[in-house]
Structure formats: C-alpha cells, structure tokens
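Okay, structure first, notes after.
Every number here is computed from the coordinates shown, using simple stated rules; none is lab data. It should be emphasised that the depicted structure is a prediction, and the values quoted were computed from it without experimental measurement. Every residue, glycine as well, gets a Cβ built from its backbone with ideal geometry; the counts of neighbours run over all protein chains shown.
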Amino acid sequence: MSDHKEMYPEATSEIRKLKASLAPKQMDAWRNFSKTVFKEGVLDEKTKQLIAVAVAHVTQCPYCIKSHVPDAQKAGASKEEIMEAIWVAAEMRSGAAYAHATIAVDAMID
C-alpha cells in the first residue's frame, strides 16, 4: 500500500493553515465546538476520547484515528481500553450490516 499518502495526504500545518484561511469563521466555530464537546462534563475526557476512537473506526477516518488515539492515551486510556473500544465499534458496524439484512429479506419477499 505504498500510495496511501496519495489517498490520505499528511495533515501538515501548511494544509491546516490553508484550510483555516479558506473559511476562517467556520474554522473558529469548529475549534470552539470541538473544545466544548471534549471538555469534561457528565462524561469524563477519557470516556469521550474512547467514544471518539470507536466512532473514528466506524466512520473509517484515518485522520481521526491518528488524532484521537493519542488523545485517549493522554486522557488516561490504556492500550487495552482503546482496543476494546475498537472492538465495540467493529461489533456495532457488523451488527448494523446484519440488521439491514431485514431490508434485503423484505425486498426478496415482495
């Protein structure tokens, strides 16, 4: 998989600055939203980061995975907790595929 960098270029500071300059108000809003969402509230920061790791795997966002795994570790998550969160995501994704089989079976009946 040598061409993965073509599909997923490195998220450099130059690219981040360019994206921010193209839509500065939206970028500020996004940054504030993100900071607010991940602040400790009813859920602690570690739990929120583990949720983010799981969701990043379900949405298959490599940038999110690379960002939230270290953030989860900084928030106190162990490697085992991170892997368990990924397994929860895998089950949910496969469970959704199985659940949607109801639509396929219903279509076959018609």
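Taking GluC sites (Glu not before Pro) that fall in a DSSP loop and have at most 15 other Cβ atoms within 10 Å as cut points, what is the longest piece of the chain between them? Walk me through the numbers before you get to the answer.
Numbers: sites that count: 10, 40.
In short, 41-110.
To test your reading of the geometry: what angle, between 0 and 90 degrees and rounded to tens, separates the Cα axis of helix 79-109 from the longest principal axis of the chain?
The angle comes out near 40 degrees.
Less than 15 Å Cβ to Cβ from residue 98, Lys/Arg counted +1 and Asp/Glu -1: what total charge do the surrounding residues give?
-1
If you line up the Cα atoms of the chain on their principal axes, what length do they span on each, largest first, in Å?
Principal axes ranked by extent give 53, 33, 33 Å for the Cα atoms.
What pairs from 46/79; 5/25; 39/74; 19/48; 19/66 go past 22 Å between their alpha carbons?
Over 22 Å apart, Cα to Cα: 5/25; 19/48.
Considering the chain as a Gaussian network with a 10 Å cut-off on Cα pairs, which listed residue, 51, 15, 82, attains the greatest mean-square fluctuation?
Result for the chain, Cα springs under 10 Å: 15 fluctuates most.
For the chain, what is the mean residue ellipticity at 222 nm derived from helices alone (per DSSP H run of n ≥ 4: -39500 (n - 2.57); sum divided by total residues; nearest 500 deg cm²/dmol)? The partial results should precede the final answer.
Values: 6 runs with 88 residues, N = 110.
That calculation yields -26000 deg cm²/dmol at 222 nm.
Can you give me the convex hull volume of the Cα atoms of the stretch 60-110, divided per residue and expressed in Å³?
Taking the convex hull of the Cα positions in the stretch 60-110, it is 68 Å³ per residue.
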